[in-house]
């Protein structure tokens, strides 16, 4: 995009072997602050109506607009001008928190750059999305986000409600899960989902709210969701085991 940030990306590669993701994020964010003003003029005006359709790729993890709340990812209301890693009640990676602590704020231009390759932009962040390669798509999506995210503020610290199947909420949601037992059961989970909360094409489940976690597993058990590996993994889990897994992963802090 001609912003100078490509040099920061090279920094991440040279440092990755010697320091942790939090330190890398601090270095990148510090360098990034010096080019934010220049980036602000580099993003072309996008087609917001087309951007709304592109948001379908984001809607599984994020809410935006009236009543938006935290889901697998933080709500996106008030995104433009927001400090990175600052939404109350959401468990961010240490890398994203460090970027915010270093002074990074979200602008239309840096959001577009982030969307191109999220894991390169802030190494160690939890977003599993691999990226949106077309500059036109990114400009359109950011144009819509800029418009919609200012309309109605999200609910600080709130987590979106989910509606589970009748009977399931009454039985499983109210079971007090045993986190230690959940850690024992999580051996199979962490072969794909990293316990650190990092994501590599597979969504992070670290810190996932209990209701989302349990509802997702219930949907796999009942063929609402179609991932065959997940269906096999959860098919024979008891309600107590589901509750234990939910308690374990909800209480984990991302690294």
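None of the figures in this text is laboratory data; all of them are computed from the coordinates on show. Note that the structure is predicted; figures quoted are calculated from it, not measured. Reconstructed Cβ throughout: ideal geometry from the backbone, glycine too, with neighbour counts over all protein chains shown.
What percent do you get for the relative contact order of region 168-251 when only Cα pairs under 8 Å and 6+ apart count? Can you show the working numbers first?
Values: 101 pairs, mean separation 44.5, N = 84.
Once normalised by length, the contact order is 53 percent.
Could you tell me the calculated FRET efficiency between residue 236 and residue 56, based on Cβ-Cβ distance and R0 = 51 angstrom, to the nearest 0.05? If you can, show how the numbers build up before the last one.
Working: r = 33 Å, r/R0 = 0.66.
Once rounded, the FRET efficiency stands at 0.95.
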Hey, fewest Cβ within 10 Å first, where do 202, 122 land in order? 202, 122
Is the shape of region 168-251 rounded, prolate or oblate, going by the alpha carbon gyration tensor and its root eigenvalues a ≥ b ≥ c, with a/c under 1.5 for rounded and a/b larger than b/c for prolate? oblate
119, 50, 138, 130 arranged by Cβ crowding within 10 Å, fewest neighbours leading: 130, 50, 119, 138
